[in-house]
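Right, one structure below, let's go through it.
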Amino acid sequence: MPQPSRPNILYLHSHDTGRYIQPYGYAVATPNLQRFAQEGVLFRNAFTVNPTCSPSRAALLTGSWPHCNGMVGLAHRGNRLNDYRQHLIHTLKPLGYHTALCGIQHIAHEPKSQPWQTIGYDELVPLGDGSEGACDIGREDLARARGAVEFLKRPHDRPFFLSVGFFATHRTGVRGHNGEISPAGDARFVRPPAHLPDTPRTRQDFADFAVAAGRLDRYMGMVLEGLDQAGLRGNTLVIITTDHGIAFPGMKCNLTDHGLGVMLMLRGPGRVGQGAGRVIDAMVTHLDVFPTVCDVVEAPHPAWLQGKSLLPLIAGQTDSLHDAIYAEVNYHAAYEPLRAVRTNRYKYIRRFDLHSHPVLPNCDDSLSKDVLLEYGWRQRTQEEEQLFDLAFDPQESCNRIHDPACQEVVEDLRRRLDEWMRSTNDPLLAGRVPPRPGSVVNPVDGLSPNEPRLRLA
C-alpha cells in the first residue's frame, strides 16, 4: 500500500525525565534514545513553560501558555483546557489525519466520560500484552509499547498522529519508580544531580531513577523499532520529549533549569531530515512544537499559537529563535504562583505568594527529600525575587537580586516579565490565579502531596 503523502506524526512522551538521559551527557544508559539522537536533531536547551505535568503537556499540545489555555493545574485534580478544540489534533484532522492515543495523556480527566473522547481523538489504541517483563505500572508501560507497535503494523491509507505516553520515570512513592519497588539500581557508582548532597540515600535515589530511565528507553525503543519494521520511518515525523524536570527536590515544579529543562529530539523527512545528527544550542520551548508540526505538514498556524517554528534552526537559517523565554507555575499539589524570564545569560524568578518556608507538598516524596528535611529544609526561608547569572552560576544557587552590579539586569528582566504578563493577560495581574471549581489542592503548610486535600468550591 502506498504511504500517505503527508507525513505521519509519532509523539513519544514521558513523565518526569528532564534531560537525565544518555544523549544529554548523563551516565544514564539509554541506548535507544542515544541512537535516535544521532539520527535526528537534539535540542540542548529545550524548556517546558510550566514544570508541572498537565500544564506542561497542555502547553505543548495547544501551543499556548497554561494561563491562556486554562490548564493551570493537574487534570486529575480537577483542571481542564478552556477549549479542547485547540489541541493539535484538531488542526491535523481537517488535513485527513487519523488521530490515535496510546497510553498516558494527562490533560483530561472526566469521571463521567472517556478522556480520549473529551480531547477528540479518533481512536484509543488497545494495549498489547504486558504480562511479561515488568510488574504493576511497569507492566502497563510494556503494554502501551506493544499496543503502539500493533497500531503501526496496521495498514494506513491516511496519515496518522499517534501519541504514545509512558509513566516509567514518574515516582510512585518514596522508594519506587514505574510502580516497581526500589531499591532497584546500583548506588555504588552513581552521583545524584549536582545541586543535591552526595549521600548514600541520594545516590540510591538517583540509581533507582536510572533504572526507570532504562525501562523508558526500552519501551520507546520498541515503538521506534516497530515503526521501522512497518516501513513507516521514511515518512514519519517523530517527536520525543518529556513534561519537565525529574521528581527530585529543587527540580520538578521549580523554575530553575533543573525543573524547566527537558529532552527534545526530532527525526523526520523533509526539512527535519536535513538536520540529521545536529545538536542545537539555541533556547527553545515546548510552545515551538505545534508551529513546527504545522510547517512540516503545511498547515496554517492557528491564531492562538504563542511559539515559533523550529525549522529555521534545523535548516541552519538562524542560530537563535528567542532572545528570552518565559515560564510559570500556578497549581501543582498546592498553590504556588511563580513566574520567570530566562535569557542566555540570566534567569529572573518572581514569587507571588511568599511564605516563610518551602511549599513542600509540591515536592514528591523521596529519599532525597528525606535527606534535605533532616538537614532542615522546612525551615529555609523563601525569597520573593531571584536573579541568577547562568554563566558563573549554572546551578542557580547564588541569588544576586540585591547585587549593585546587577541592578540594570534586574530592571530589564522585571520589565520584560511585566510586559509578558500584560501581553498574555496573566490572571496574576489581578492578584490570584483563580482555581477551577471543584479542583482539589493541598494546604501550603503541609509536608507531602499524599496528605489530605482541600476541595475548592
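What the phi angles of region 14-30 give under the Karplus curve with 6.51, -1.76 and 1.60, with θ = phi - 60°, is a coupling list of 9, 9, 6, 9, x, 10, 8, 9, 4, x, 9, x, 9, 7, 10, 5, 9 Hz, glycine and proline written as x. In order along region 412-420, the phi-based Karplus estimate (6.51 cos²θ - 1.76 cosθ + 1.60, θ = phi - 60°) of 3J(HN,Hα) comes to 5, 6, 4, 4, 4, 5, 4, 5, 5 Hz; Gly and Pro are listed as x. When the convex hull of its Cα atoms is viewed from all sides, region 325-449 shows a mean projected area of 8.8 nm².
Shape analysis of region 159-268 yields a ratio of the Cα radius of gyration to the Kirkwood radius, Rg/Rh, of 1.04. The equivalent ellipsoid of the chain has semi-axes of 32, 26, 22 Å, largest first, where each one is the square root of 5 times an eigenvalue of the Cα gyration tensor.
In region 8-314, taking the dipole from charged Cβ atoms about the Cα centre, the farthest positive-side position among Gly231, Val297, Ser56 is held by Ser56. In whole Å, how far is the Cα centre of region 236-271 from that of region 402-457? Measuring centre to centre over Cα atoms gives 22 Å. Shape class of region 265-326 from the alpha-carbon gyration tensor: oblate, with a/c at 1.5 or above and b/c at least as large as a/b. Any idea what the relative contact order of the chain is, in percent, if you count C-alpha pairs under 8 Å spaced at least 6 apart? 21 percent. Since only Phe161, Pro193, Gly273 are under comparison, the one whose Cα sits farthest along the positive direction of the charge dipole of region 8-314, derived from C-beta charges on Lys, Arg, Asp and Glu, is Pro193. Here is how the number arises for the chain: DSSP H runs of 4 or more residues each give -39500 (n - 2.57), the sum is divided by the residue count, and the result at 222 nm is -8000 deg cm²/dmol.
If one takes the longest principal axis of the Cα atoms in the chain, at what angle in degrees, from 0 to 90 and to the nearest 10, does the Cα axis of helix 137-153 lie? It works out to around 40 degrees. Comparing Cα centroids, region 208-224 and region 49-117 end up 24 angstrom apart. Rounded to the nearest Hz, the phi-derived 3J(HN,Hα) couplings of region 43-60 under the Karplus curve 6.51 cos²θ - 1.76 cosθ + 1.60 (θ = phi - 60°) are 9, 6, 10, 9, 9, 6, 9, 7, x, 10, 4, 5, x, 4, 5, 5, 5, 5, where x marks glycine and proline.
Among rounded, prolate and oblate, which fits region 1-125 when a ≥ b ≥ c are the square roots of the eigenvalues of its C-alpha gyration tensor, a/c under 1.5 means rounded, and a/b larger than b/c means prolate? Taking the square roots of the gyration eigenvalues as a ≥ b ≥ c, region 1-125 is oblate.
Evaluated with a Cβ-only charge set (Lys, Arg +1; Asp, Glu -1), the chain carries a dipole of roughly 600 debye about its Cα centre, given to the nearest 20.
Rounded, prolate or oblate for region 358-431? Axes are the square roots of the Cα gyration tensor eigenvalues, ordered a ≥ b ≥ c, and the cut-off for rounded is a/c under 1.5. Oblate, since a/c reaches 1.5 and b/c is not below a/b. Spin-label model, Asn82/Arg345: points 7 Å from Cα along the beta carbon direction are separated by 3.6 nm.
Taking amide H positions as modeled 1.01 Å from N, with prolines and chain starts lacking one, the residues under 5 Å from His98 and 5 or more places away or on another chain are Phe160, Phe161.
Using +1 at the C-beta of Lys and Arg and -1 at the C-beta of Asp and Glu, which of Ser366, Leu428, Ile401 has the Cα lying farthest in the positive direction of the dipole of region 325-449? The Cα lying farthest towards the positive end belongs to Leu428. The peptide list 324-335, 26-37, 363-374, put in order of mean Cβ contacts within 10 Å with the highest first, becomes 324-335, 363-374, 26-37.
Lysine pair count for the chain (Cα-Cα distance under 30 Å; residues 8 or more apart in sequence or on different chains): 8.
Throughout, read-outs are computed from the coordinates displayed, never taken from laboratory work. What you are looking at is a predicted structure, and each value in this text was computed from that prediction instead of being measured. Positions of Cβ are backbone-derived with ideal geometry, glycine not excepted, and every protein chain shown enters the neighbour counts.
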